[in-house]
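The values are calculated or read from the model by the stated rules, or taken from the named source; none is laboratory data. The shown structure was predicted, so the numbers you read here are calculated from the model rather than taken from an experiment. Because the Cβ atoms are built from the backbone with ideal geometry, glycine has one as well, and the counts that use them run over all protein chains shown.
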Amino acid sequence: MTEYDHVTDDIEAIVEDTDLPRRLKEDVYETLEAKAEEYGGVSNEQATDIVTGVENRYLETRVDPLDPVGTVSAQSIGEPGTQMTMNTFHYAGVAEIDVTQGLPRLIELVDARKTPDTPMMTVFLEDEYAENREKAHEVVWSIESTKILALGDVSTNVADMLVRIDLNEETLLERWPTHDDPSEVAGIVAETIEDALGVDTRQAGTAIEFGPDQPSYRELLQLVEQLRDVVFKGIEDVTRVVIRKEQTDEGEEFVLYTEGSAFGDVLDIEGVDASRSTCNNIHEIHRNLGIEAAREAIINETMDTLEEQGLDDVNVRHLMLVADIMTNNGEIESIGRHGISGNKDSVLARAAFEVTVNHLLDAAIHGERDDLDGVIENVIVGKPVSIGTGDVDLRMGSRVTGSKPADD
Amino acid sequence: MVDVSQHELVPDHVLLDDPEEVEEVLAEYNVKKTNLPKIKRTDPAVPDAAEVGDVIKIVRESRTADQAVVYRLVIS
């Protein structure tokens, strides 16, 4: 091994011969190296002692067969959950963007809600887009949805039954950076209006006028209402984008935080770093990046939620187990009546969770059987649960083997 | 379309195209193919060559060990 001066081939063989995972082996090498520096060398015997010590400790801390890992995870997440605040109204982590936190967020995650309460995305940028504020703004304008009120003033002329829009030239050029001529952009805006509202428009410079086919006061007002919802640029679901300069290892970069999310659309936009950008909707991640990415996202999100509340002493392994179970069948399943708990084989286990009567009734109608394999069923009927020593059966052979039976 | 496998949330997905390798995996865990966790054929991260019934080997950067290898069965 080249990186360590004091680790001989013998010592390397001793370490590599163990069952330790890679990372622990590296730790052992580093410790041996440090000790060797300090005391001027480590003998093979000393190394063997250290290594077997580490290995024994490692084997001890592994989960035993028949350990109820699920129950332990449930309690290890549940107990800290009782300390979480029910409602948090402050703005988390990122400036000015409100994100659901604490218990509501945790519930949202394990319930696998289709859309989170406060969807958001973290959009990283590529190369020059990340370094140059103007370039970064180009990406902002193609993400943030632009509505008419951001572009100019809308007025209604009741006498002539017309809606008149006076577009702001500066805003037009700012939001369509590839165009130089404001009236050209106004043309695009007018076309969007025609497509969306089904009316004919008249355009003069940066002013646009249109009205209902038949003179009708009601329809005129309706057109104005509809006009407010038309999206001229960007992604409809994204209502706001915050741009922030952040420190990285290589210097500074601009990062975008969005209110509202449309993960799939954003990944395709030029300038967006499609390898780092994320969102807080696990279903969108599942759809665009697959089930394994969703698993990662569930772990990250639950961990962040707990950490935010100062409950970072919950071991990741518990959260990993939750994420594993939720993604086991290839798509995201919620924990609860409509997901994991509701799909259990055992009638009694399902009935013990929620809506007891319905489950018992359905089971009776369909003539279901319960094999009493699980923990809950056996607690209900008062048998030893199939955990740890409770699952070990003692079998005695009745065959005579010739050798004398032992005295005890 | 963006290259999904480049995203940092997506671990390596490798198709096990040798039936012997699949047998080895099943023997190691002492399970049937259908006991493995599943992955949809339509999953964006599944290699194009994979078909329903194939086994995908996934190598995750683990938080607790350095690499964790898991297997998923491709379903429709």
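A few notes on this one:
- Test for residue A:317: is it within 11 Å of chain B (Cβ to nearest Cβ), under 19 Å from residue B:44 (Cβ atoms), among the basic types (Lys, Arg) and not in a loop (DSSP other than H, G, I, E, B): no
- Residue within segment A:244-259 that is closer than 30 Å to residue A:280 by Cα, assigned to a loop (DSSP other than H, G, I, E, B) and out of contact with any Leu (no Cβ under 8 Å at 6 or more places or on another chain) present: yes
- Segment A:226-253, residues that are farther than 11 Å from residue A:122 by Cα, hydrophobic (A, V, I, L, M, F, W, C) and in contact with a Lys or Arg (Cβ under 8 Å, 6 or more places away or on another chain): A:230, A:231, A:232
- Yes/no for residue B:73 being within 15 Å of the chain's Cα centre (by Cα), in contact (Cβ under 8 Å) with a residue 12 or more places away in the chain and buried (at least 17 other Cβ atoms within 10 Å of the Cβ): yes
- Options A:371, A:268; residue that is within 12 Å of chain B (Cβ to nearest Cβ) and surrounded by fewer than 16 Cβ atoms within 10 Å (Cβ to Cβ): A:268
- A single member of A:276, A:337 is in contact with a Phe, Trp or Tyr (Cβ under 7 Å, 6 or more places away or on another chain), within 14 Å of another protein chain (Cβ to nearest Cβ) and either surrounded by fewer than 18 Cβ atoms within 10 Å (Cβ to Cβ) or part of a loop (DSSP other than H, G, I, E, B) (or both), and it is A:276.
- Among the residues listed as A:20, A:24, the single one being within 14 Å of chain B (Cβ to nearest Cβ), outside any loop (DSSP other than H, G, I, E, B) and either surrounded by 11 or more Cβ atoms within 10 Å (Cβ to Cβ) or among the β-branched types (Val, Ile, Thr) (or both): A:24
- The set of residues in segment B:1-44 being under 15 Å from the mean Cα position of the chain (by Cα), within 11 Å of chain A (Cβ to nearest Cβ) and among the charged types (D, E, K, R) consists of B:12, B:38, B:40, B:41, B:43.
- Residue A:305 satisfies every condition listed in (1) touching a residue at least 24 places away in the same chain (Cβ under 8 Å); (2) assigned to a helix (DSSP H, G or I); (3) of a type outside the set (D, E, K, R); (4) within 14 Å of chain B (Cβ to nearest Cβ) except (4).
- Filter pass, residue A:55 being out of contact with any helix residue (DSSP H, G or I) (no Cβ under 7 Å at 6 or more places or on another chain), in a helix (DSSP H, G or I) and in contact (Cβ under 8 Å) with a residue 24 or more places away in the chain: yes
- Exactly one residue out of A:127, A:111, A:98 is at pLDDT 90 or above and surrounded by fewer than 18 Cβ atoms within 10 Å (Cβ to Cβ): that is A:111.
- Contact map, segment A:347-368: first residue of a type outside the set (Gly, Ala, Ser), second residue surrounded by 13 or more Cβ atoms within 10 Å (Cβ to Cβ) and in a loop (DSSP other than H, G, I, E, B), Cβ cut-off under 7 Å, separation 6 or more or different chains; pairs are A:347/A:368; A:347/A:370; A:348/A:370; A:350/A:344; A:353/A:337; A:354/A:337; A:355/A:337.
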